[in-house]
1. Which members of region 72-121 meet the condition of being free of Cβ contacts under 8 Å to residues at least 12 places away in the same chain, among the hydrophobic types (A, V, I, L, M, F, W, C) and within 13 Å of ligand 1 (Cβ to nearest atom)?
2. Looking at Lys90, Lys107, which one is away from ligand 2 (no atom under 12 Å from the Cβ), assigned to a helix (DSSP H, G or I), charged (D, E, K, R) and under 14 Å from the mean Cα position of the chain (by Cα)?
3. Scan region 47-72 for residues that are outside any helix (DSSP H, G or I), within 15 Å of ligand 2 (Cβ to nearest atom) and of a type in the set (Ser, Thr, Tyr) and jot them down.
4. Tell me yes or no: at least one residue of region 53-66 is under 17 Å from Trp113 (Cβ atoms), surrounded by 12 or more Cβ atoms within 10 Å (Cβ to Cβ), aliphatic (A, V, I, L, M) and in contact with a helix residue (DSSP H, G or I) (Cβ under 9 Å, 6 or more places away or on another chain).
5. Select, from Ile44, Ile15, Ile22, Ile29, the only residue that is closer than 21 Å to Glu131 by Cβ and in a helix (DSSP H, G or I).
6. Taking the options Ser67, Ser61, Ser105, Ser31, name whichever one is at positive phi, of a type in the set (S, T, N, Q) and out of contact with any Lys or Arg (no Cβ under 6 Å at 6 or more places or on another chain).
7. From (1) closer than 15 Å to Gln18 by Cβ; (2) among the small types (Gly, Ala, Ser); (3) at pLDDT 95 or above, pick out the condition that doesn't hold for Ser67.
Amino acid sequence: MLWWQESLATGNELIDKQHKSIFDQTENILSLEVGKISKDVEGIFKFLINYVSTHFGHEESLMIQKSYPDFKKHREEHTYFTNELYNIVKRAVDAGSLDQEYTDSLKLLVIEWLADHIHVSDRNFVNYLNELPEK
Ligand SMILES: [Fe+2]
Ligand SMILES: [Fe+2]
């Protein structure tokens with residue numbers, strides 16, 4: 001599922017805002033086309049690179065703060081997305097264009113991220129937060 005829904009809310013305003021912002025970009029990312037790297041494509045790359053460092057960082061801080069038991073596994077997923085994203089963006093920037101392979105890899109990565117990570121892993125964290133007694 002590639003849209004935001006209230007059940008994904010963590011109750012942490014900043015994290016929720018960040019999750020919504022990547023869903024807002026989905027259409028742009030999924031409509032990327034093969035060809036030279038335009039200003040729009042550059043904008044998408046910048047958004048994603050900035051997003052992984054700020055968003056994953058905020059989420060991980062909250063996990064540490066709340067002693068989340070699955071922190072390590074969750075962090076490994078963040079590292080995987082970050083590395084894959086960097087690889088794709090670097091190859092495309094070096095080549096000066098998006099070929100079919102980069103375009104498909106980027107779309108698949110973002111779909112995996114939204115459908116698996118936010119819907120499953122981030123949701124598990126949300127459930128944990130909601131069950132905390134002090135909430
Ligand atoms: Fe997240
Ligand atoms: Fe996450």
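The values are calculated or read from the model by the stated rules, or taken from the named source; none is laboratory data. Bear in mind that the values here come from a model prediction, so they are computed numbers and not experimental data. Cβ: placed from backbone, ideal geometry, glycine included. Neighbour counts: every protein chain shown.
1. Answer for region 72-121, where residues must be free of Cβ contacts under 8 Å to residues at least 12 places away in the same chain, among the hydrophobic types (A, V, I, L, M, F, W, C) and within 13 Å of ligand 1 (Cβ to nearest atom): just Val120.
2. Lys107
3. Once the filter is applied, which keeps residues that are outside any helix (DSSP H, G or I), within 15 Å of ligand 2 (Cβ to nearest atom) and of a type in the set (Ser, Thr, Tyr), region 47-72 yields only Tyr68.
4. Within region 53-66 (the criterion being under 17 Å from Trp113 (Cβ atoms), surrounded by 12 or more Cβ atoms within 10 Å (Cβ to Cβ), aliphatic (A, V, I, L, M) and in contact with a helix residue (DSSP H, G or I) (Cβ under 9 Å, 6 or more places away or on another chain)), the answer is no, since none of the residues qualifies.
5. Numbers: Ile44 fails: closer than 21 Å to Glu131 by Cβ; Ile22 fails: closer than 21 Å to Glu131 by Cβ; Ile29 fails: closer than 21 Å to Glu131 by Cβ.
Being closer than 21 Å to Glu131 by Cβ and in a helix (DSSP H, G or I) holds for just one of Ile44, Ile15, Ile22, Ile29, which is Ile15.
6. Details: Ser61 fails: at positive phi; Ser105 fails: at positive phi; Ser31 fails: at positive phi.
The conditions single out Ser67.
7. (1) is the only condition that Ser67 fails.
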